[in-house]
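The values are calculated or read from the model by the stated rules, or taken from the named source; none is laboratory data. Just so it is clear, the structure is predicted and the values come from calculations on it, not from any experiment. Neighbour counts are summed over all protein chains in view; Cβ atoms, including those assigned to glycine, are modelled from backbone coordinates with ideal geometry.
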Amino acid sequence: MASNKVYWKSFDQLANTEVSQRLAENEFAQDIPADVFLADERSMEAQTSRRDFLKFLGFSTAAATLAACEQPIIESVPYVVKPDSLTPGVPSFYATAYTDGQDYASVLVKTREGRPIKIEPGDAGRFNRGTNARAQASVLSLYDSARLRGPVLNGNESDWSTVEASLKKAADAALAQGTQFVLLTSSVFSPSLQAAIERLRQAYANFQHVELDAVSQSNNLDVWESLIGVRALPFVDLTAANLVVSFGSDFLGGGMAQQLSSDYATRRKPGSGMLRHVELESNLSLTGSNADKRVKIKPSEVSGALAYLVNELGGSASKVALRDDLTKALKALAGELKASNGKAVVLVGGDDANQAKLSAALNALVGAFGATLRTDKPVYIRRGNEARVANLIADLKAKRVGALLVAGTNPVYFRPDFAEAIKSATFSWALTDRMDETAQLCAAAAPEPHYLEAWGDFRPVAGEYTVAQPTIKNLFNSKALLEVLGALSGDSRSAKDQVAASATAMGLNWNQTLHDGGASVTSGSVAGASAGSAAALASSAKVAKPASGMELAFYENAVGAGFQANNPWLHELPDPVTRLTWDNYLTMAAVDALALGFENETNSDGSLDGSYATVKVGNHVLENVPVFIQPGQTAGTVGLAYGYGRTAAGKVADAMGVNAYALGVTTGSANVEITKAEDMHEFATVQLGNTMMGRRIVNEVTLADFVADPSGASWNEKPTFHTIDGHKTSEEANLWADHDHETMHMWNMSIDLNSCTGCGACVVACHIENNVPVVGKQEIRNLRDMHWLRIDRYYSSDMSKERAEDENIGGIEMYAKMEEPSESPSVVFQPVMCQHCNHAPCETVCPVGATVHSREGLNHMAYNRCIGTRYCANNCPYKVRRFNWFNYMANEQFADVNPSQDDYGRMVLNPDVTVRSRGVMEKCTMCIQRVQYAKLEAKKVGQPVADGAFTTACAEACDSGAITFGDVNNTKSAVRAAKADARAYHLLEEVGTQPSVFYMTKVRNA
Amino acid sequence: MSVIIMPDLVLSYFCHALKSHRLLYSMRMRFSPIASLIRRSFLTILSISLLSISASGEVSAEAGKKLFKANCASCHKLDKKLVGPALGDVTQRRSEEWLLKWIRNNAEFRASGDKDAKAIFEEYGGSVMQAFPALTDDDIKSILAYTIEGDKKAAPAPAADAVAAPAAGGDTSSPWLVYLLGGFLLINLYLLLRVRNTLKQLNGEEPTNLVEDLGVFSRILVANKRFMTFLTVVLALGFLYALYSYLMSVGMAQNYQPAQPIAFSHKIHAGDNGVDCNYCHSSARHSKHSGIPSANVCMNCHMYIDGSEIVDATGNAKYGGERSPEIAKIYAAIGWDPEARTYIEGYEQKPIQWIRIHNLPDLAYFNHAQHVSAGQIECQTCHGPVQEMEEVYQFSELTMGWCINCHRETEIKGDNGYYAGSIDGSASISDRLVERFHDEKITAANIGGLECGKCHY
């Protein structure tokens, strides 16, 4: 009897969509452009005969061969006087502080031959010593060829003395005429700069200083200023917490000035007393993805929910009616907060005044003050004041501003009303890194040094003082704000002298402070807030009624506020949750998309398209915003990322995405009107499968099960095979000869899925360390991304094999349902790089022996042997091999995206790693250049390689300590201990590849 | 077949011609006449100085010269001011008694209140001269004798050279002998042919000439199939061998000897004067690069040595007693004023643009420190007898086969703490290697020195 089974190739076919019908009719996804070719009359009329063709062929072969015989003469130019501290070929490290207008971090800069090439985390114990994706990528912003090269006055090239004189003249004129002289900056938390501003205030009676945070914290700051007396936010101490409740605060992904991921990871080590994390949010954020419990909430419900909790905990706030399911969740949460005994903290995202009051009150009622919320230890990184910005705009429009100096910020881009206003300034002057949206409207613009070229000092938090030092001479004719302000107030000291003076004034040893990158100081602390007055704030807060229409909540991805929007590494890094690159878009729940008629469709070549929407907030309108259907998005809400839609940032950023700031919202969320627009947008995604389809790719266990069975027998069983000798594990049922891995080192890597938050700093670090090419949107859309390290994101599905069995659901339907993420999915992240299999499938299929195994447990890739058959990539079960389809360094197609295409961008290349050419395969080497370097350093001092003496770029960048690298032949190494842990498992163990990389089971505190 | 091969043949010929042309253009002959001349002149200097060293003992100018070079030359010259005054006529300016006191311990002498001593101290800006308590009176007198006599003794040098000249002539005579013998053989051949033709005529046959004979002979050979097959095979193999050798040499630069911007002689520095390679190439011990010394390293010595003492083969001062124009190039690069003996303020320094000789392709990672510090390999193992090279050339092939061969043969330094030390109390790498390889030699290859990823990443 003939089988009548119907096989379907994809979900599309099963659903019998238009695409699959078209596919069935026509085998080729895109038409072969024969018509175009044949239509070209000139090509048809060409007189080239076959003989001519052969002649050309012969000639060009001969010419190419002749050309290849020539050897270039290479010059070698030593220093005339070599600096003592520098040995060519040996890196030097400098401690400094990273700031880009938004972030602050204490970092270590690696330089080679005087060029900064890598950013590493600063010394342990420093405030914000981690490096997020932006901090990692910031080294490329130094070499951005779009930076302003010299002063510009009225659109013409000028010089420093002229532009400085013009500013002085305008400031003096303003003073004489009684108009204002305004300095507009990002938040200033530099003691030297504050002193310089103070001197300017003394010199000019009409002087005003306005601070603007791109993503505002103004209302939060107002509340805390009223409680603690200084304009700063309280320090959050997660290490003292057992429960963190977050209302839309994306404290792991971005948005918060204080980096919490390191403390978070420390407190998320599985075991009793593990930090529990409850997230109530509208967008599915990186932070929400990591939560133990996630509750969907609309922005307009947040104040009601906070008020409910305040009332439950004994405070008094006005009450509003909430959804039943939300009330139920809040009731349980109130119980947990009460039981926390002060070891809890409530964080709130956005910048709503009422939410800020209610969350302060709630924290006071929980008992967080002084414990998990250190109100006596202010964080000074955010100081912006929207009221003053609004005043400035009004003053500008009323022509009350005689001279405007904008330094290090871009108000025209951040605030839609500023563009009109700045034109009314009598004289405007921008100190800027590029001719950005603001500088273009200013009468004069002058280049500001990058943080890696500049002196500076910071007091990011009470008790800490840090110093920034230049690691390279100014690439362009730039001048620091400290010196510009100094010149205005008659202070001719250099920036270095000003910084050294403020360090010395604090009683610090200048050389020691400079060497260490900072020091502990006593200044900056305050008395702390009284819990009583904070709790009393609740009654003054207006509690909003939940809105019925669509609401928009803004968020930040790796691009952040947009200061580094022209940095291609940040765009190439996929969004951790949506896995889209080179874009921002409206994230929308599937139910809303269905109701409003928005579509996402997968083309037959695997690329994704989405409909366009028009977004309207008040009288601000954004056209052509693509819609992306996001599982986990709260129905009735949409999300949109800041930082895109630049018009004057450079060739990478311009005309990419839409400008979320243009909607004129500074409080983080707003009611919004959304209508469908014509056409479909082309997305570039790196991940097509969203669920694990019932396979155990990420092993997960609940905390209760983990504590109940520490051996892991019930939740981390090894797959076995039925053999003639009984059941055997893949290691026992082994057909391969084993390598000698005992004699020398055996490098292994452990990835703790419990610590990994999916932030992506490691991906950028890997890019930098290994000269991984940037390929741009189109190639990623073609699924040809070059990341050596990717972070897979999986959603849970409502369907499982067990459920299918229980409900008697057939196989086809089960798998179809499994492909669909749940409406409220739990999310897991899994970093995947080359697993360095000891029985590697790639090695056996390479016809030229280009990829071979080392006795140190690494899978080597010899680029110059590779002939590009791509057999290895096809045979790799982990899909981690990347093929160079183009010469990305030289091909015109990548001129706008690949930083290595100009001389500046090439300066960031790691000189110890080969730049791969077209036609070869590449993949993670486990930073073999670092392995070799560490072994050599050990040999030079005559000692064995110590555990932790070095690590890979990804492990070093990881703020959460999720990646551990080391020698398992060292019985005392951390990685050996990890390998013996009950949580350890290999990815796709059943394949029998015996990888050198292993994962630690994720434990969810559910 | 031949039609297909022909273009390749022509092509390879072209390539070869081009390559050899390039080599001629960019390289100099290793043993050029000029170089041998310089070499000879230095041998002469060396032999003279050896002579003078052996003659030390009593008061003599020769012993004085040796002492002067050892103790005084870093600050004094005979004919010009250096850090201290010129000493050529010091015995005329000062009494021997005064000089004995001053040289033995000038600080003590000054303290004793001698006016001249104080004056000279102040004239030279208060720079303190070292005391020489170890010098005997005879030693000092020898030095003074040398200051009177100077380097005049260099005069006998031409005689030594004259002795060497006939030997050199003997070398060149050998080709004449070959021509002589060749001519003799040709005459013999002619005579034999005449004899043969005479014999033929006696037999009544037609006399033939050589060309006709060869024609007959070659026709016989061409008609012989075996011979033709053999010839074809030999020619084909020869061609293939030539092609293979040529292709294997593409990109290789052994013996590459470019002209450098400064005629720097490693022979003088590393050979004659025994300067340690690591003194100038200091980063070889620490870094992947051996490092070309920066000009300030040159100045450590060349602040005092300006090359005016160099003598040529005839024993005459090579640059007429003036400073060497080659050393002047260093001064021009760094901005040193040799007259004022100071660095010029605000001088725009000009880096010296050396031509790189040893070029590895970018795909290969090579680290000097690994070989020099960890492996303790002598520089000469790869770079050849640099101390004998007037102009450095690439000694080794620098091919991957050459690298690998050395990795196969070279034993590791197993006593290095990296191998011998134990980090966790268990067996060290050395122990584990011995266990695995027993009595075998533990080479770089045995610890993974042949794995691709060790050099290619």
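Structure values in brief
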{"item": "The range B:233-260 residues that are aromatic (F, W, Y), paired with ones that are assigned to a loop (DSSP other than H, G, I, E, B) (beta carbon under 7 Å, 6 or more apart)", "result": "B:Y256/B:M27; B:Y256/B:I357; B:Y256/B:Y393; B:Y256/B:Q394"}
{"item": "Residue within the range A:968-979 that is within 24 Å of A:F829 (Cβ to Cβ), part of a loop (DSSP other than H, G, I, E, B) and not aliphatic (A, V, I, L, M) present", "result": "no"}
{"item": "Hits in the range A:887-945 - residues which are within 13 Å of chain B (Cβ to nearest Cβ), part of a loop (DSSP other than H, G, I, E, B) and of a type in the set (D, E)", "result": "A:D912"}
{"item": "The range A:233-254, subset in a loop (DSSP other than H, G, I, E, B) and among the small types (G, A, S), residue farthest from A:A761 (Cα to Cα)", "result": "A:A241"}
{"item": "Residue ID - farthest from B:P361 (Cα to Cα), chosen from residues in the range A:830-859 that are hydrophobic (A, V, I, L, M, F, W, C) and within 14 Å of chain B (Cβ to nearest Cβ)", "result": "A:A840"}
{"item": "Lone unmet requirement of (1) closer than 20 Å to B:C280 by Cα; (2) within 12 Å of another protein chain (Cβ to nearest Cβ); (3) part of a loop (DSSP other than H, G, I, E, B) for B:Q370", "result": "(3)"}
{"item": "Test result for A:F207, aromatic (F, W, Y), surrounded by 19 or more Cβ atoms within 10 Å (Cβ to Cβ), farther than 17 Å from A:A361 by Cβ and within 30 Å of the chain's Cα centre (by Cα)", "result": "no"}
{"item": "Residue check, A:G712 on the phi > 0 side of the Ramachandran plot, more than 41 Å from the chain's Cα centre (by Cα) and either more than 14 Å from every other protein chain (Cβ to nearest Cβ) or of a type in the set (S, T, Y) (or both)", "result": "no"}
{"item": "Residue under evaluation B:D424, criteria (1) over 25 Å from A:I74 (Cα atoms); (2) facing chain A (nearest Cβ under 8 Å); (3) assigned to a helix (DSSP H, G or I), criterion not met", "result": "(3)"}
{"item": "Options A:R112, A:R126; residue that is modelled with pLDDT under 95 and more than 14 Å from every other protein chain (Cβ to nearest Cβ)", "result": "A:R126"}
{"item": "Odd one out for A:A949 among (1) within 14 Å of chain B (Cβ to nearest Cβ); (2) in contact (Cβ under 8 Å) with a residue 60 or more places away in the chain", "result": "(2)"}
{"item": "Scope the range A:967-989; condition touching a strand residue (DSSP E or B) at 6+ places or on another chain (Cβ under 7 Å) and small (G, A, S); matching residues", "result": "A:S973, A:A974, A:A978, A:A984"}
{"item": "Looking only at the range A:552-583, and only at residues there that are part of a loop (DSSP other than H, G, I, E, B) and either assigned by TED's automatic domain parsing to the domain that holds A:P773 or of a type in the set (D, E, K, R) (or both), the one that is farthest from A:D100 (Cα to Cα)", "result": "A:R579"}
{"item": "Qualifying residues in the range B:294-308 (those that are surrounded by fewer than 20 Cβ atoms within 10 Å (Cβ to Cβ) and assigned to a loop (DSSP other than H, G, I, E, B)) - the one nearest to the other protein chains (Cβ to nearest Cβ)", "result": "B:M303"}
{"item": "Residue match in the range B:329-343 (condition: under 30 Å from A:R930 (Cα atoms) and assigned to a helix (DSSP H, G or I))", "result": "no"}
{"item": "Test for B:I352: is it within 14 Å of chain A (Cβ to nearest Cβ) and part of a loop (DSSP other than H, G, I, E, B)", "result": "yes"}
{"item": "Candidates A:N884, A:N875, filtered to the one that is touching a helix residue (DSSP H, G or I) at 6+ places or on another chain (Cβ under 8 Å) and either surrounded by fewer than 16 Cβ atoms within 10 Å (Cβ to Cβ) or modelled with pLDDT of 95 or more (or both)", "result": "A:N875"}
{"item": "Considering residues of the range A:860-874 that are small (G, A, S) and more than 7 Å from every other protein chain (Cβ to nearest Cβ) only, the residue farthest from A:M833 (Cα to Cα)", "result": "A:G868"}
{"item": "Residue pairs meeting the criteria (Cβ under 6 Å; at least 6 apart or on separate chains; first within 14 Å of A:D352 (Cα to Cα), in the range A:288-304; second assigned to a strand (DSSP E or B) and not acidic (D, E))", "result": "A:K298/A:T637; A:P299/A:A553; A:P299/A:S669; A:V302/A:F247"}
{"item": "Filter result for A:Y878 (assigned by TED's automatic domain parsing to the domain that holds A:Q830, out of contact with any Gly (no Cβ under 7 Å at 6 or more places or on another chain) and not in a loop (DSSP other than H, G, I, E, B))", "result": "no"}
{"item": "Options A:L640, A:L663; residue that is in contact with a helix residue (DSSP H, G or I) (Cβ under 6 Å, 6 or more places away or on another chain), touching a residue at least 12 places away in the same chain (Cβ under 8 Å) and aliphatic (A, V, I, L, M)", "result": "A:L640"}
{"item": "Residues that are touching a helix residue (DSSP H, G or I) at 6+ places or on another chain (Cβ under 7 Å), within 12 Å of chain A (Cβ to nearest Cβ) and either surrounded by fewer than 19 Cβ atoms within 10 Å (Cβ to Cβ) or touching a residue at least 40 places away in the same chain (Cβ under 8 Å) (or both), drawn from the range B:263-292", "result": "B:A284, B:R285, B:H286, B:S287, B:K288, B:H289, B:S290"}
{"item": "Matching option when the condition is assigned to a strand (DSSP E or B), under 25 Å from A:A660 (Cβ atoms), of a type in the set (A, V, I, L, M, F, W, C) and in contact with a strand residue (DSSP E or B) (Cβ under 7 Å, 6 or more places away or on another chain), among A:A430, A:A446, A:A403", "result": "A:A430"}
{"item": "Residue within the range B:380-387 that is part of a strand (DSSP E or B), surrounded by fewer than 16 Cβ atoms within 10 Å (Cβ to Cβ) and more than 8 Å from chain A (Cβ to nearest Cβ) present", "result": "no"}
